[in-house]
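Written below as structure tokens is the structure these notes are about.
The values are calculated or read from the model by the stated rules, or taken from the named source; none is laboratory data. If you're wondering where the values come from, they're calculated on a predicted model, not measured in any experiment. Methodologically, a virtual Cβ is constructed for each residue, glycine included, from the backbone with ideal geometry; neighbour enumeration extends over all protein chains shown.
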Amino acid sequence: MILISTPLTKQPEFRELEQWQHPHDVATHRFSIFSPMKWENCRERFSGPMKKEGFTGFYFSHDEDKGDAIAQFIFKTEEILNLAEKTTYTKTTCNKVLKIHMSDFWMASYVRRSLFTILPRLGNHYNGEKDNYEKSIFSPSRSPSLGYVETLPAVKRFLYGFTTYDGIDPVNADGSTYLETNGWCRMFKHSDSWKKLIKENNRPTPVGVGKLWG
């Protein structure tokens, strides 16, 4: 595990460059499954395709030439979490599109997948040379999603390793999910909702928010 203030000494892994066969005039901060290509602006609606069998990642349309910064931002998040397996990336010949291959850690639960879709948007604010990680994740100049600021206690708790959700899954009686209307920002916008994030395979007494971050 590294501290937020620790500069990166390693770099994210990039796969072979991919030739972009689609229009280059892509609206930013959108998501698409690998195939068929279909851009989605809403993170909650995109959670539907993320549940389907065979899903391993997505394309993300970002600000011009910000692919490296986004990958570094996510990589640093994974370093803070002390994850052995990291997310990998594929650059495309479009300087506004990055292909993101999610690690098993993020794929393991709907809560993690929902938070993960926030990270590329936050990565648009990241500058690897300045290493402005804390500002990017806690006080971005543009909110990555409606209600994100209200969930910062949960974000901080997650970064401390409380990455398992101890709550009721958003599943209807017929087995269908309603994650599309109940993603990260709605789940953790309430004052004490961060307490539902616990250590994996452990149920400790919730730590006070004041003890989580200076």
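Looking at His101, His29, His62, His24, which one is over 18 Å from the mean Cα position of the chain (by Cα) and not aromatic (Phe, Trp, Tyr)?
Among His101, His29, His62, His24, only His24 is over 18 Å from the mean Cα position of the chain (by Cα) and not aromatic (Phe, Trp, Tyr).
Could you list, in sequence order, all residues of segment 48-78 that are out of contact with any strand residue (DSSP E or B) (no Cβ under 7 Å at 6 or more places or on another chain) and aliphatic (A, V, I, L, M)?
Across segment 48-78, the qualifying residues are Met50, Ala69, Ile74.
Condition (residue is more than 18 Å from Ile80 (Cβ to Cβ), at pLDDT below 90 and of a type outside the set (Asp, Glu)) applied to segment 194-202: is it met by at least one residue?
Yes, segment 194-202 has at least one match.
Might you let me know whether segment 167-186 holds any residue that is in a loop (DSSP other than H, G, I, E, B), modelled with pLDDT of 90 or more, out of contact with any strand residue (DSSP E or B) (no Cβ under 6 Å at 6 or more places or on another chain) and under 30 Å from Val97 (Cβ atoms)?
Checked against the condition, which is being in a loop (DSSP other than H, G, I, E, B), modelled with pLDDT of 90 or more, out of contact with any strand residue (DSSP E or B) (no Cβ under 6 Å at 6 or more places or on another chain) and under 30 Å from Val97 (Cβ atoms), segment 167-186 yields no hits at all.
Just to be sure I understand, how many residues within segment 111-152 are acidic (Asp, Glu) and free of Cβ contacts under 8 Å to residues at least 24 places away in the same chain?
From segment 111-152, those acidic (Asp, Glu) are 129, 131, 134, 150; that's our starting set.
Among the residues that remain, those that are also free of Cβ contacts under 8 Å to residues at least 24 places away in the same chain are: 129.
Qualifying residue count for the region: 1.
If you check Ser136 against the conditions, is it among the small types (Gly, Ala, Ser), modelled with pLDDT under 90 and either within 16 Å of Glu44 (Cβ to Cβ) or in a helix (DSSP H, G or I) (or both)?
Considered against the rule, which asks whether it is among the small types (Gly, Ala, Ser), modelled with pLDDT under 90 and either within 16 Å of Glu44 (Cβ to Cβ) or in a helix (DSSP H, G or I) (or both), Ser136 comes out as no.
Out of segment 1-52, which residues are of a type in the set (A, V, I, L, M) and either assigned to a loop (DSSP other than H, G, I, E, B) or at pLDDT 90 or above (or both)?
Across segment 1-52, the qualifying residues are Met1, Ile2, Leu3, Ile4, Leu8, Leu17, Val26, Ala27, Ile33, Met37.
Quick one: Thr77 ticks every box in (1) surrounded by 21 or more Cβ atoms within 10 Å (Cβ to Cβ); (2) at pLDDT 95 or above; (3) over 20 Å from Ser136 (Cα atoms); (4) not charged (D, E, K, R) bar one, so which box is it?
For Thr77, the exception is condition (3).
State which residue pairs qualify: first residue at positive phi and inside segment 8-33, second residue modelled with pLDDT of 95 or more and surrounded by 13 or more Cβ atoms within 10 Å (Cβ to Cβ) in any location, beta carbons under 6 Å apart, and separation of 6 or more residues or different chains.
His29/Arg121
Consider only pairs whose beta carbons are under 9 Å apart and that are at least six residues apart or on different chains; among these, list those whose first residue lies in segment 44-70 and is among the basic types (Lys, Arg) and whose second residue is part of a strand (DSSP E or B) and at pLDDT 95 or above.
What qualifies is Lys66/Leu98.
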